[in-house]
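Asker: Questions regarding the structure given below will be posed in turn.
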Amino acid sequence: MADFIQLLIAGLATGGIYALAAVGFTLLWQTSQTINFAQGEFVMLPAFFVLIGMSFFGMPFWLACVAALILSMITLGFMFKKLLVDPMLNHGTLPLVIATIGLAILMKEGVREFYGADAWPFPPLAEATNVTVLGAALSLQSLIILGITIGAVVALQLFLSGTRTGRQMQATALNPSVARILGIPVERMILYTFLINAALVMLAALLITPIYLAKFSNGELLGLYAFIAAIIGGFNQMRGAIVGGLVLGVIDNFTAVYISTQYRLVVPLVFLIIIILFRPQGLLGRVEERTV
Amino acid sequence: MKLLKSIASLSALALMAATPAVAQVKLAYIGEISGQLAVSGGNFRDGVVLAVEEINAKGGIAGQRINLTLYDTQTNPGVARAQTQKALDDNPYAVLGPVLSGNVKVTMPLFIQAEMPHFIGGEAADLVTLGDKYLFRTSFGQQIGMPKIANYIRDEIKAKSIALIWVNNDFGKTGRDNLLKELASRNIRLAADVSTEAGQVDFAADIVKLKAANADAVFVYSNEEECARIMREAKRQGLKGPFVGDTTLLSQKTIELAADAAEGVQGHVGLTSDAPLKEVEEYKARFQKRFNYVSDHNGIKGYTGVYAIKYVTEKKLGGKFDRKALAEAMRGLTITPKDEPGILIETTWDQNGEIDRISFLAEVVGGKQKITKILPKIGK
Amino acid sequence: MTPVLEVRNLRKTFGGIVAVDDVSFNVNDGEILGIIGPNGSGKSTLFNCILGQLQPSAGEVFLHGKAVTRTRPCDLNRLGVSRTFQLLQIFPQLTVRENLILAGQEHQGTMLSRLFGRRDAGLTGAANQMIEFFRLGHLADEKAGGLSYGQQKLLDAAMAFMAGPRLVLLDEPAGGVNLTMLQSLRERLRAINAEQGATFVVIEHNMEFVMALCTRIVVLAEGRIIAEGDPADVRRNPKVIEAYLGH
Amino acid sequence: MMVSKKTLAVAAMALSVVFLLVAPFLFKPYGVFILSTWVVMTIAAIGLNLTLGYAGQVSLAQAAFVGIGSYITAYLTTRGWPFWSTYMLAGTSCFIVGWLLGYPALRVQHHYLAFVTLAFNTLVYLIFRNEEWLTRGIYGIMNIPRPEVLGWSMAKPIPFYYFLLAHLALISAATWALIQSPWGRAFIAVRENPIRALSLGVDTRRYTLMAFALGAGLGGISGSLYAALVQFIDPTPFALGLSLNLLLMVIVGGSGYFFGPFLGAVVAVLLPEWLRFAQGYYLMGYAALVMLLMIFCPTGLLGFADRLLTPKAKSDSGPNPVLPDSAAPQKAAG
């Protein structure tokens, strides 16, 4: 029983990480049909912004975080949209997919070349203490990740449904052309989602790097899991991404214990295929309008 | 920090190229500079670069400056073969690398054909049995390392059963297979056999399995970061060891990343920059000064490989750059730090290019690797 | 005589909404049947159900007396049933001639003979004839995507006739077409009807066009047939007037 | 203007053919090996271009087929089978598996299909790695022999290069014939408007499966040649990365253009090698160039050339299988 809870909570905590990366992913898809193959690297990079701030410029941790947040909003939000996404908007998703693959290589190789291939320790947000629940030893860190993830998404949801800008963003996501007719500044709304995504990946980086350690190749696996999470939950739904992430984390852990460690990726992948084939809108997603 | 280093090394290379007046000898490094195992390939490279810079600063090999070219295999066999071909086309005197066993295998026919001595980093057992007379290891094959570990588990830990957790890649899988063979011949039962992924983060499930196995000891065989994460999760779930491992588990990097979770870990270390030898300690300091990070065993492999070439060329070949003679002279050769300080630890190569060296038993005490016993060379 | 097409108690629901409600009618050989009705009365859904593009919830469709309900559109097409769509549906990257060859090629030979046989499946002549017939001669080698809307509309219709169908269902053929082009289209349709004896079912909003073209009219409102008869009768039918004005 | 475009194309082609024929005498063995790799990758990319460029079915599983083909040839030739039998077997097995993988494409499209195929690729990779009894896992299969043709050994780099080049020529010719045939027209119809195609008697189901199967079959053939080229295989090259790289070749070259894969493979295989002078920065330079290419020619190199050479400045979006604004998750029928 203790094992079961251990696996469940650890799975949820890891799932929270996937969820954070997946949320931004679905946001970009909704507003601009961007499939970002560099999303994993987007989470990897801000951690190095923080490390550079601390080691090169001698900033205290909190200041380095603020600087990194601003820097990632500029580079991963604003510049990403203006320089890469905008020129390709009218050419379908595939050229942009290729461009983001290129971006992923650039970020990975850049970090490796300029900062090194090693893993680097990263200051934790909380002390590495354990909490014991029903016989299972859970790390405080994991619980904090889970809490902040859910908090961030709830806050985001409140923002989207409770504020004028948020509702305009939702309208943009639902149907850009109608939104434009209604006088919503669609361009600006899309830019906001990119900025939000940049802030989310920064938050994800802060939460997970103490556990992942800062390493150039972190994005590879994380990006893949974020994809899977987003699809399982519903590509066009933020809540779906959360559920997808959590489900994925838990499935992954149970697979490893009860089925096979060598094939631990298989069960989530098969689950993904089944979801796509029989419920393509995802666990929580809505059916996208079809044009006949 | 690394940026400055990169610029420095680029300009160093430019400088090398800009001084054609001096006679030059070409060396090539072929390794995994990018891709999944870039840490190993990168360390090996920096070891090589450090040795080359030191040697050049003192006038080169037999008066000839070393012109080093780097070839990145991207950890991909097809690319490795292409890059090796490229390196061989350039007709170097000798080659350092590849580091990964798979990349050693794919390039082997080319080295045989070119009769090119190459100093590899790969530790897979079978590499020295595949008919490449020009292959020389820079560290033990696993068929030498693993019996030492198995003995240690039987004699020192006195474990009757063992739970094994390993990383499912070129490095982890070959090590695991060799260890299993040795354990079987010593009647040590395998209680759990847990495969993990490179880059894995959440080890909760894996540790649950290890706990359930209830073995006398846990053997951890993975890359440094994963070792650290495994130890942290083991501590969290209260998995009692003893934890036994190899070079990576006991490396300073793992200890640094795992913090107190690595305390008490013990095992056998084939090659380590923490060895209590004057030459190794000095090397470690020089490496850290030059590259701003701590060398792992792959750095030593690259470093000693270059010095072996220098020693043999100067002392055994009388300064003649004859690569067949180099390979010939390497076989059955012993180099001691007294002959050549750059070799760091006394090393013997046998007829197949396999290596014999002292190795160490170690334990993590107070956040530091402590060598508890030095195991003699097998040939003694 | 067996009707060319018989629709019997056809019904289609989306969730709780009934789009087509128990519709039955016959189409006789050689006639031009018009189906009219206000927006959202289920005309296009009815077409899609008849043609296998949508699965009807209930009811049956017979072609020459044979049940063809739920037959795939491609098989139905090879049985001699052809159609156009409400929105333009051409292949912009292919030339006009290739569009037409495509429309006919699947009626020639087998998969294998199409792979190893002639590039044009022996249809260049037929395609050229069709191009002439629809007066697109000067555009034969242009990419279809470069044509004007009206020209594309003609091409769209031409494709429907390429394989010599016995029954053609036209979904708003006149939509968005200018007056001269409209004239030309109506002439072409009449000519095919008269010369080849092809049977038509036409959905159309343009009343004038329908009244001039069709021999019989079925009126749909809210998924049901509310009137049926020759154009003059339908025009006077109070139910029809109410259905249109009520909206 | 149309004529000049055609003349240009023919001239470029003739020059390329001449270059490919004399290349072994211009380069060292390394250059020959790289060109050989280009040939093998081009064949795999031609396959993907059939599936994706012509029939519009996004597949991220091409590396899996290259892998299956490689392992079939590696496993059997090292057990004494003649190369040709393994080559045929690689092609046909991948054709069959590709046909089966096509079934999901009948239900879902675009990014959904991409993810199904991505999952498939990862599953196949795991099998390569884990089923050691079959594939030797990470130990890899060594000493894969190169074939003989009519008693002539193809073991040396230059003969083997010509051997590969002959394959490329034959496969190109066959593919050209295919896309000029009614099948090619049907593939394009399936890509541009499956619903209309269906109403014109085009059995979209069969053509979709066929597009998958043919693309996969070419992937298998490419894999078979890859095994003989590198003479050692382990699972690493067949991970998702290669599928993405092949996708890159097709898109960068110009998806749906016959010569797109040839050019795309130049970018993906040769460009990084040309950039090696930049030392550690070569991959970064490569990535940056790819991004710039996509920004300035999103329809690929040939799409770009096409637009430059086409007199009317019509906003022609090229034959890219672009996803519509509201990418429908399901085909309306099928």
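Asker: Quick one: longest stretch of chain D between exposed loop trypsin sites (Lys or Arg not before Pro), exposed meaning at most 10 other C-beta atoms within 10 Å and loop per DSSP? Don't skip to the end; give the middle numbers.
Answerer: Working: sites that count: D:ARG79, D:LYS312.
Longest stretch, sites excluded: D:80-311.
Asker: A:SER161 versus D:VAL10, label points 7 Å from Cα toward the beta carbon: distance in nm?
Answerer: For the pair A:SER161/D:VAL10, the computed spacing is 6.7 nm.
Asker: Could you please rank C:ILE17, C:ILE36, placing first whichever residue has the fewest other Cβ atoms within 10 Å of its Cβ? Please report the intermediate quantities before stating the final value.
Answerer: Details: C:ILE17 8, C:ILE36 26.
Ordered by Cβ neighbours within 10 Å, fewest first: C:ILE17, C:ILE36.
Asker: Taking C:LYS143 as the anchor, which lysines have their alpha carbon closer than 25 Å to its alpha carbon, excluding any fewer than eight residues away along the same chain?
Answerer: The qualifying lysines are C:LYS153, D:LYS5, D:LYS6, D:LYS312, D:LYS314.
Asker: With springs connecting C-alpha atoms under 10 Å apart, model chain A as a Gaussian network and identify which of A:LEU106, A:LEU224, A:LEU45 has the largest mean-square fluctuation.
Answerer: A:LEU106
Asker: Looking at the protein assembly as shown, what % of its DSSP beta bridges pair antiparallel, to the nearest 5? Mind dumping the intermediate values first?
Answerer: Working: 46 of 95 bridges.
Of the beta bridges lying entirely in the protein assembly as shown, close to 50 percent run antiparallel.
Asker: With +1 on each Lys and Arg Cβ and -1 on each Asp and Glu Cβ, how big is the dipole of the range D:2-309 about its Cα centre, in debye rounded to the nearest 20?
Answerer: Working: 16 positive and 8 negative charges, 73 e Å.
Roughly 360 debye for the range D:2-309.
Asker: Also, quick follow-up: Take the cross-link list B:LYS26/B:LYS86; B:LYS86/D:LYS156; B:LYS86/B:LYS320; C:LYS12/C:LYS43; B:LYS160/B:LYS377; B:LYS235/B:LYS373 and give me the ones stretching past 18 Å between alpha-carbons.
Answerer: Values: B:LYS26/B:LYS86 13 Å; B:LYS86/D:LYS156 16 Å; B:LYS86/B:LYS320 24 Å; C:LYS12/C:LYS43 11 Å; B:LYS160/B:LYS377 27 Å; B:LYS235/B:LYS373 26 Å.
Violating the 18 Å Cα-Cα cut-off are B:LYS86/B:LYS320; B:LYS160/B:LYS377; B:LYS235/B:LYS373.
Asker: Would you mind counting up the charge near A:VAL43? Only other residues with Cβ under 15 Å from its Cβ, with Lys and Arg at +1 and Asp and Glu at -1.
Answerer: On the way: positive: A:LYS108, A:LYS215; negative: A:GLU41, A:GLU220.
Summing Lys/Arg as +1 and Asp/Glu as -1 gives 0.
Asker: Identify which of C:GLU208, C:GLU106, C:GLU228 has the largest mean-square fluctuation in a Gaussian network model of chain C, with springs joining Cα atoms closer than 10 Å.
Answerer: C:GLU208
Asker: Relative contact order of chain D, please, whole-number percent, based on alpha carbon pairs below 8 angstrom and at least 6 residues apart. Could the numbers behind the result be given before it?
Answerer: Values: 531 pairs, mean separation 106.5, N = 334.
With pairs under 8 Å counted, the relative contact order is 32 percent.
Asker: Fewest to most neighbouring Cβ within 10 Å: what's the order for A:SER177, D:SER93? The partial results should precede the final answer.
Answerer: Working: A:SER177 9, D:SER93 18.
Lowest count first: A:SER177, D:SER93.
Asker: Picking from A:LEU207, B:GLY78, D:ALA105, whose Cα lies most toward the positive end of the charge dipole for the protein assembly as shown (charges on Cβ: Lys, Arg +1; Asp, Glu -1)?
Answerer: B:GLY78
Asker: At A:SER177 and C:LYS66, where each label point lies 7 Å from the Cα along Cα→Cβ, what is the point-to-point distance in nanometres?
Answerer: It is 4.1 nm.
Asker: Would you work out if the range D:2-309 is rounded, prolate or oblate? Take a ≥ b ≥ c from the square roots of the eigenvalues of the alpha-carbon gyration tensor; rounded if a/c is under 1.5, else prolate when a/b is larger than b/c, oblate otherwise.
Answerer: On the way: a/c = 1.44, a/b = 1.12, b/c = 1.29.
It comes out rounded by the Cα gyration axes.
Asker: Would you please calculate the Kirkwood hydrodynamic radius of the protein assembly as shown over all C-alpha pairs and express it in Å, rounded to one decimal?
Answerer: Working: mean 1/r = 0.0300 Å⁻¹.
It is 33.3 Å.
Asker: Place a point 7 Å from Cα of C:ALA58 in the direction of its Cβ. Which residues in the range C:1-30 have their backbone N less than 20 Å from it?
Answerer: C:6-26
Asker: As a test of the formula, what do you get for the protein assembly as shown when each DSSP H run with n ≥ 4 contributes -39,500 (n - 2.57) and the sum is divided by the residue count, at 222 nm and rounded to the nearest 500 deg cm²/dmol? List each step's numbers first, then the result.
Answerer: On the way: 48 runs with 679 residues, N = 1253.
The helix contribution divided over the protein assembly as shown gives -17500 deg cm²/dmol.
Asker: Averaging sequence separations of C-alpha pairs under 8 Å and six or more residues apart, then dividing by the length of the range A:91-201, give the relative contact order as a whole percent. Please list the in-between numbers first.
Answerer: On the way: 47 pairs, mean separation 11.4, N = 111.
Computed over the range A:91-201, the figure is 10 percent.
Asker: Using a 10 Å cut-off around each Cβ of peptide C:100-107, what is the average number of partner chain Cβ atoms that fall inside? Before the final figure, lay out the partial values.
Answerer: Numbers: counts 0, 2, 10, 7, 3, 9, 10, 2.
Per-residue shielding by partner chains comes out at 5.
Asker: Output the relative contact order of chain B, whole-number percent, from Cα pairs under 8 angstrom with separation of 6+ residues. Can you show the working numbers first?
Answerer: Numbers: 785 pairs, mean separation 62.2, N = 380.
Value for chain B: 16 percent.
Asker: Ok, one more. Any aspartates and glutamates with Cα under 12 Å of the A:LYS81 Cα? List them, leaving off those in the same chain fewer than 8 positions away.
Answerer: Counting by Cα, and skipping residues close in sequence, A:LYS81 has these aspartates and glutamates nearby: A:GLU187.
Asker: Report P(r) for the range C:93-163: all Cα-Cα distances, bin width 5 Å, range 0 to the bin holding the largest distance, values in whole percent.
Answerer: Percent of pairs per bin, in order: 3, 19, 30, 23, 14, 8, 3, 0.
Asker: Here is a follow-up. Given points 7 Å out from each Cα along the Cα-Cβ axis, report the A:THR132 to C:GLU142 separation in nanometres with one decimal.
Answerer: Here the answer is 8.3 nm between the modelled labels.
Asker: Summing +1 for each Lys or Arg and -1 for each Asp or Glu, what net charge is found among the other residues whose Cβ lies under 11 Å from the Cβ of B:TYR134?
Answerer: Numbers: positive: B:LYS133, B:ARG323, B:LYS324, B:ARG331; negative: B:GLU115, B:ASP132, B:GLU328.
Net of charged neighbours comes to +1.
Asker: What range in chain A is the longest one free of trypsin sites (Lys or Arg not before Pro) that are in a loop by DSSP and have at most 13 other Cβ atoms within 10 angstrom?
Answerer: Values: sites that count: A:ARG286, A:ARG290.
Looking at chain A, A:1-285 is the longest stretch - no exposed trypsin sites (Lys or Arg not before Pro) with at most 13 other Cβ atoms within 10 Å.
Asker: Sorted from fewest to most neighbouring beta carbons within 10 Å, what does the list A:HIS91, C:HIS138 look like?
Answerer: Details: A:HIS91 21, C:HIS138 9.
With the fewest neighbours first, A:HIS91, C:HIS138 line up as C:HIS138, A:HIS91.
Asker: Going by a ≥ b ≥ c, the root eigenvalues of the Cα gyration tensor, does the range B:293-377 fall in the rounded group (a/c under 1.5), the prolate group (a/b larger than b/c) or the oblate group? Show your work: numbers first, answer last.
Answerer: Working: a/c = 2.81, a/b = 2.08, b/c = 1.35.
Prolate.
Asker: How much net charge surrounds B:ASN151 when only the other residues with a Cβ under 14 Å from the Cβ of B:ASN151 are counted, with Lys and Arg +1 and Asp and Glu -1?
Answerer: Here the count lands on +2.
No lab work stands behind these numbers, since they all come straight from the coordinates. Keep in mind it's a predicted model, so treat the numbers as computed, not measured. In this analysis, Cβ positions are derived from the backbone assuming ideal geometry, glycine residues included, and neighbour counts consider all displayed protein chains.
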